[in-house]
Amino acid sequence: MKYIGSFINKSGQRIYITIITNNDASSTYNITDSSYIRFAEDPVEIECKASDMFEHVICSSCKIRFVSKEFLGTKFYSSNIYDTQVKIGTLPTAGDIWSGYVEPGTYNQPFANEWDEFELNCIDYLATLQYFNYKDVNVNTYAAAKSAASITSMMQILQDIVPYTVYWDESKKVNADSTEPIFSETSISSMLFFGDTYDDIWTKHDVLHEVLQYFNLHIITYGDKFFMFDWNSMQ
């Protein structure tokens, strides 16, 4: 189901919210003041960790607040991280302000006969990486994946973890004459990320943090776009 609705923020701008549950947008429900689910008085709160200059993978989270007198757990509960997509933007279906997913296993709504407020806890794509092992390895594929580990370019590692267009300031180069991205000219043994046993394997978030920390770079999302930068180039 695709849930769509809008509200006017404190600056007088209309903000649109799109929520697609179970990856199914074949039918649409309009959230209005007369529907069984409505936006609360303060509908959206977005929080970002950008204040920490030592955080290399800068994640963001979002709370969407509704009121309803029906229990909506069967509609909004998410058991898997990519089940329910969320977009917040200045245009219908756009995600130019914030984009992410409902965090799995966090739905909480009181049972009530009258209108009551509840929240959807959402996280951006970068925050979802904590839920997945490097190369999506599980206990059954660990041995084979570890034996296949090899010297891998930093570029390939980044593309495996963030398979989207990433805009960056190109502030890092191997030397002044280099014309290639620094990630293409540096490599690492992926054996490092597998650890000694399956319990030691790194998550995708861990790997991305390690690569960016090596180059003193940071990555952040704004809406549905990814940006990578050095804080020094922002001054």
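A few notes on this one:
- Percent carbon-and-sulfur accessible area, the chain, ignoring ligands, DNA and RNA, probe 1.4 Å: 48
- Straightening the chain between Asn9 and Ser184 buys 58.6 nm, computed as 0.36 nm per residue apart minus the Cα-Cα spacing.
- Accessible area per residue in Å² at 1.4 Å probe, computed on the stretch 65-220: 52
- 222 nm mean residue ellipticity, helices alone, for the chain (DSSP H n ≥ 4; -39,500 (n - 2.57); rounded to 500): -3500 deg cm²/dmol
- Charged-residue dipole, Cβ positions (Lys, Arg, Asp, Glu), the stretch 45-159 about Cα centre, Debye nearest 20: 460
- Per-residue HN-Hα couplings for the stretch 200-206 [Karplus 6.51, -1.76, 1.60; θ = phi - 60°; Hz; x = Gly/Pro]: 9, 5, 7, 7, 4, 5, 4
- For the stretch 117-134, 3J(HN,Hα) computed residue by residue from phi via the Karplus equation (6.51, -1.76, 1.60; θ = phi - 60°) reads 8, 8, 10, 9, 8, 10, 10, 7, 4, 4, 6, 5, 5, 5, 8, 10, 6, 3 Hz, glycine and proline entered as x.
- Under-5 Å amide H pairs with Ser187, H placed in peptide plane, nonlocal only: Met154
- Anisotropy class of the stretch 55-214 from Cα gyration tensor, a/c 1.5 cut: oblate
- Unit charges on C-beta of K, R, D, E only; dipole of the chain, Debye: 520
- Amide hydrogen proximity for Gly95: with H placed 1.01 Å from N in the peptide plane, no residue at 5 or more positions away or on another chain lies under 5 Å.
- Taking other residues whose beta carbon is less than 15 angstrom from the beta carbon of Phe194, and scoring Lys, Arg as +1 and Asp, Glu as -1, yields -4.
- Cα centroid separation - the stretch 164-199 against the stretch 61-118, whole Å: 36
- Considering only Tyr3, Ser34, Asn80, the residue lying farthest towards the positive end of the dipole of the stretch 1-96 is Ser34, judged by Cα position with unit charges set on Cβ.
- The candidates Tyr82, Tyr101, arranged from most to least accessible area with a 1.4 Å probe in the full protein assembly, appear as Tyr82, Tyr101.
- Summarising the amide proton neighbourhood of Phe226: residues at separation of 5 or more, or on other chains, whose placed amide H is nearer than 5 Å comprise Tyr167.
- Annotation for the stretch 1-41: trypsin sites (Lys or Arg not before Pro) lying in DSSP loop with at most 12 further Cβ atoms inside 10 Å of their Cβ are Lys10.
- Dipole magnitude of the stretch 1-59 about its Cα centre (Cβ charges: Lys, Arg +1; Asp, Glu -1), debye to nearest 20: 280
- Local electrostatic count at Val137 - Lys and Arg +1, Asp and Glu -1, tallied over other residues with Cβ under 11 Å: +2
- Among the listed pairs Lys87/Lys173; Lys10/Lys135; Lys10/Lys225; Lys10/Lys172; Lys2/Lys146, a Cα-Cα separation exceeding 32 Å is found for Lys87/Lys173; Lys10/Lys135; Lys10/Lys172; Lys2/Lys146.
- For the stretch 183-199, Karplus couplings with θ = phi - 60° (6.51, -1.76, 1.60), whole Hz, Gly/Pro x: 5, 6, 9, 10, 9, 8, 6, 5, 4, 4, 7, 8, x, 7, 9, 4, 5
- Net charge contributed by nearby residues that have their C-beta within less than 11 Å of Tyr16 (K/R +1, D/E -1): +1
- An oblate overall shape is assigned to the stretch 124-235, the ratio a/c of its alpha-carbon gyration tensor axes (a ≥ b ≥ c) being 1.5 or greater and a/b not exceeding b/c.
The values are calculated or read from the model by the stated rules, or taken from the named source; none is laboratory data. A quick note: this is a predicted structure, and the numbers were derived from the prediction, not measured. Note that each Cβ is placed from the backbone with ideal geometry, even for glycine, and that neighbours are counted across all protein chains shown. Accessible surface areas use protein heavy atoms only, side chains included; no ligands, DNA or RNA. Shrake-Rupley method; radii C 1.70, N 1.55, O 1.52, S 1.80 Å.
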